[in-house]
Structures are given as C-alpha cells and as structure tokens.
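The values are calculated or read from the model by the stated rules, or taken from the named source; none is laboratory data. For clarity, every value in this text was computed on a predicted model and none was experimentally measured. As a convention, Cβ positions derive from the backbone with ideal geometry for all residues, glycine included, and neighbour counts pool all protein chains shown. These area figures cover heavy atoms from the full protein model, side chains too; ligands, DNA and RNA do not enter into them. Shrake-Rupley method; radii C 1.70, N 1.55, O 1.52, S 1.80 Å.
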Amino acid sequence: MGKESGYQADRRKFLVGMGMAGAATVAAPALKAMAADSSTQWTEEHEIIIIGSGFTGLAAAIEAKKLGAEDIVVYDKMPYFGGNSTYNGGLFAVPASPLQKKEGVKDSPETMTADQVKAGRGVADKDLLLHVAKHAGEALQMTLDAGSEYFPYLQQLGGHSVPRTYQTTTASGAGIVQPLVKQCKKIGVQMVTRAKFDGLIFDHKGTVIGVKMLMGHYFGRGKEGTPVNIKAKRGVLIATGGFARNVELRRAQDPTLTAEVPSTNPPSATGEALLEMFKAGAIPVHMAHIQTGPWASPDEDGFGYVSNYSIYNFAHSISVFTKTGKRFMNEIADRKTRSDAQLGCRDDNGTPLPPITITSYKHAKEHPTMKKVLKYKVGWKFDSIEELAAHFKVPLEPLKAQIKEYNGYVKSGNDEQFGKPMKKAKGKFIEAPFVVVRNWPKVHYCQGGAKIDLQSRVISSTDWKPIPGLYAGGEVTGGMHGVSRLGSCSIPDCMVMGMTAARTMMKS
C-alpha cells in the first residue's frame, strides 16, 4: 500500500485517538480512494459543482451567476429537478417583510430568531438562525424576480409569535422550484438529471477538488450509472436534503421511526451524500432530532392535500380527541408539541386514534386546497354537529360543550384552555356547516446533518476548521433548528445558506 497523504494520516490519528482503531482500518481505504493522484482521469471540469436541485442548490446557482461565475453545473440523481423542495408546502417565513408592513405587523429578524430558539428547546444555533432571518428578504426577492407568486396575505404558523409566512399560489414548493429552474436555464446554468453523487475527491492537502458521479443513474431500478470524475475549480456544494426515507438511518437515531411510520418526503430523500460527508470527516450534529408533521393525514400518502389545508386552518379551528370530544392541544403550538400531543391520542388498547380538526366551512373554503380535500375524500363536510359526532363516534354533549367554550375564547380573544394566540381566530366561530379532517404525524424533516459555519463551509472533525472546497446548505446540514424546526422556516434556511455558499465560493 502506498504512503498515506497528510490528510489521511490526520484522519487515522483522529479515529485511533477516539478509540476507533477498527473504524480507522475501514475508513482509510475509503479515504484513499477519494484522494486524487496523477493517474486520476477527469471527465469534465467546472467552476462550481452543485449536488442537488432543490431550494439550496438553485439559489446558490443563481447567486453565483449573479456574482460572475461563468461555469456552474447542478446535478440531480432523479429524472426531474427539485427533489423534496417540490413536495414542500410552499410556506416561506420572512421577518420585516413588505406584507407585514402592509398589514401593520411588527416583526424583526431577532424576533423570528427568538421564536425558533424557543422551538429548538435551547440547542438551536442562534447565530445561523439570525443569519438566515436577516437575509430571508433577499431570498424572497430572488423568487419574485424568477416569477414565483404568493397569496396576498400572511399566515401565522405554529410557534410563530406573529404572522410572517407567505404561501405560493400553487400551495407547494413547486411554485418556487419551477421558476428557479427556469431562471437557471435562462442564465446559462447547466442542469443535469440522472446523475448520482458517489463521493468526494481530495488533493494531497485535503482540499475537495472534485466529485465522483454515476451518470445515467436510474433511481430504484437497479441501474447505478457510468462512473466519472468531475473537477471543481472553486468548490463543491452539497445540497441534497435530508434522510427521512432512509428507514435504517432513521431507526439508528430513533428506534421508534420504523417502516410503519410514513413520511411526507419523496423516495429520493435517502441521505447518501450526507454519509459521504461523514466519511470525509464532517461532524454529525443533532442526528436524532427528526421532526414529524402534526398537520399530516393518515388518510393519504406523502405530504398530501390535508397538510397545507390544516396548516392554514389550525389557527381558527379546534382539534378534538374523538374519545373525549375535547380539545387536547394548542392547535398552533410548535410542531413537536403538537405531534407529541397527537401521538397520545389512543384507544384503551393503545391503538392510535387520530384526532379530528373541525373548521367552519365558510372559513375552510378560504383556502384553495379545501376543494381537493373534499374531492379526494380525505376530509368530510357535515351540516350539523350531530352528523359529525355520529360519523367519528365522538360523544355529542362534551363536543357541543367544547365548541361553545371555544367560541367564547374567540369572542374574548383569550384561549383559557391551551393559550393559543387568537388573533387569526378573531370573529371565526366554530359553527355549521363544518369541514373535518383527521390528523396524525408523519416524518417530515431531519434537523440533523453535517456541521457548517456562517459561510456554509463544512467543518472537519480533525481540527474543527472548514474542509477546504466543501460547502453545504439546507436539510443536509445539522444544528440550526435544534430539537424542533418551526414551519415555513426551511425555505429561508435552504435558500439563504445556498446564496451564502455562492458568496463564499466567489470570494475564494
């Protein structure tokens, strides 16, 4: 075996020092395979290489082009662009935004950060959150310049102290992804599908100088693709999202997240690029903090229609445990609080008993997804409380009493049961006819991933310094959100850190 590079030797010392001699024995050959030498055959060379075509990768490509980059390529392993960002609900939190000023809402990056730190249970990265909040307006403007359209009103999602969330008129992330993809193609960014990332390539100093790719990859069909080596002049950005669909990796962090737990993510959210960064020495952060979405439905697959419907309507609805006919949570608390409360809704044998969310039809219909919720029979319309109670086997009198009590809170503006902020519920009483959906959590977002700094540089476990040439952003990174991410904060996170990576690379 040839002499190890300095980078490999340092990695071996680190692993042995951690009592992982066996791991070092396994890791060294893997790292050696990633080290370039005079025999390395380069198929292509580009100024900037971006792995992943979601919010992070697209924002980085557009920003890099704006700053003067001439040769940018975006790779995606799927036959289409966008990944999990397309599945996203299209909800975009922006503090001190034009719509807030128009609606008279007082907000700031510091206030948004404080809300997120609270949801993160004290272990969120305040500096990263504040950086994102301060630049969220720039990311929003990028989407507007590309042609994204938003509803002319703000939403107040769970855990947010004020209304600050925009939503695309498509009610999905596609309303952002498609315009950004179109913009990338317009300005000359190369976009390549069926290209699977297979590893990083380093020089003898430990700088990332390229990637191994499998071209012509067919996801899920057993065709890995043709291996090629592609060189990067300025750097490589990993923007591949989370690992919500990698059941074994999920279970390694949280044994309760078995294959029986569904996910809102597409099948491609499997985390291979994250594992490759760990092989290269990236630091794992908060891998066990995996978030479930309390607005999901047990009556449909994936993200579905009920999710966006519920996100919008929770503020002026009541969620009821069908066994008791009573509310059991603040309907717009942070995601973890609500998911934990929902998971406690079970029958006497411990079998899940999904709670129901009740909304007045005249208010439910304000959101465009209501029609699809009813059309696809994942929600129901009832003309009376008696009809509703009979359908879900809810005790009638307690339910009537609960609705009467809650309507009193709507009138007074003070929720004495669970402290729900009632500003968005003002004047919106629960009254017939009703629209009802069932809710049950689904694995939605991985707060864990590789550690980065404020410049989107991936940090090394050998010396806690940036790995030269390696950048990451979005859900593939970890630590920003802590235990629980607030809804509508993934788009600003992804886009801002993608833009940040581009700015860092263009200064190098």
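Listed values, structure above:
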| read-out | value |
| --- | --- |
| Candidate set: the range 72-108, residues that are over 24 Å from the mean Cα position of the chain (by Cα) and touching a residue at least 40 places away in the same chain (Cβ under 8 Å); chosen: the one least open to solvent (accessible area, probe 1.4 Å) | ILE72 |
| LEU399 being crowded, with 22+ Cβ neighbours inside 10 Å, more than 30 Å from GLN447 (Cα to Cα) and not aromatic (Phe, Trp, Tyr) | yes |
| Complete set of residues in the range 215-255 that are closer than 29 Å to HIS444 by Cβ and small (Gly, Ala, Ser) | GLY220, GLY222, ALA239, GLY241, GLY242, ALA244, ALA252 |
| Number of the condition not met by ARG11 [criteria: (1) open to solvent by less than 50 Å² (accessible area, probe 1.4 Å); (2) under 30 Å from SER263 (Cβ atoms); (3) modelled with pLDDT under 95] | (2) |
| The range 220-278, residues that are open to solvent by less than 60 Å² (accessible area, probe 1.4 Å), over 30 Å from ASP340 (Cα atoms) and assigned to a loop (DSSP other than H, G, I, E, B) | GLY225 |
| Some residue of the range 279-300 being over 22 Å from the mean Cα position of the chain (by Cα) and open to solvent by less than 30 Å² (accessible area, probe 1.4 Å) | yes |
| Residue, farthest from TYR305 (Cα to Cα), within the range 210-219, restricted to residues that are assigned to a strand (DSSP E or B) and open to solvent by 40 Å² or more (accessible area, probe 1.4 Å) | LYS212 |
| Hits in the range 170-187 (condition: modelled with pLDDT of 95 or more and either closer than 10 Å to GLY89 by Cα or in contact with a Ser or Thr (Cβ under 9 Å, 6 or more places away or on another chain) (or both)) | GLY173, ALA174, GLY175, ILE176, VAL177, GLN178, PRO179, LEU180, VAL181, CYS184 |
| Of all residues in the range 87-120 being at pLDDT 95 or above and among the hydroxyl-bearing types (Ser, Thr, Tyr), the one that is farthest from ALA61 (Cα to Cα) | THR111 |
| Hits in the range 109-132 - residues which are of a type in the set (D, E, K, R) and under 21 Å from the mean Cα position of the chain (by Cα) | ASP115, LYS118, ARG121, ASP125, LYS126, ASP127 |
| Subset of the range 301-342 (residues that are part of a helix (DSSP H, G or I), open to solvent by 20 Å² or more (accessible area, probe 1.4 Å) and of a type outside the set (Ser, Thr, Tyr)) | GLY304, LYS336, ASP340, ALA341 |
| Strands (runs of 3 or more DSSP E) wholly inside the range 399-508 that include at least 1 residues being among the polar types (S, T, N, Q) and modelled with pLDDT of 95 or more | none |
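Residue-wise test of (1) at pLDDT below 95; (2) farther than 28 Å from GLN190 by Cα.
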| residue | (1), (2) |
| --- | --- |
| GLY6 | yes, yes |
| VAL26 | yes, yes |
| ALA36 | yes, no |
| THR43 | no, no |
| GLU63 | no, no |
| LYS66 | no, no |
| ALA69 | no, no |
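This table checks each residue for (1) in a helix (DSSP H, G or I); (2) open to solvent by less than 10 Å² (accessible area, probe 1.4 Å); (3) free of Cβ contacts under 8 Å to residues at least 60 places away in the same chain; (4) charged (D, E, K, R).
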| site | (1), (2), (3), (4) |
| --- | --- |
| THR113 | yes, yes, yes, no |
| LEU128 | yes, yes, no, no |
| HIS135 | yes, no, no, no |
| LEU144 | yes, no, yes, no |
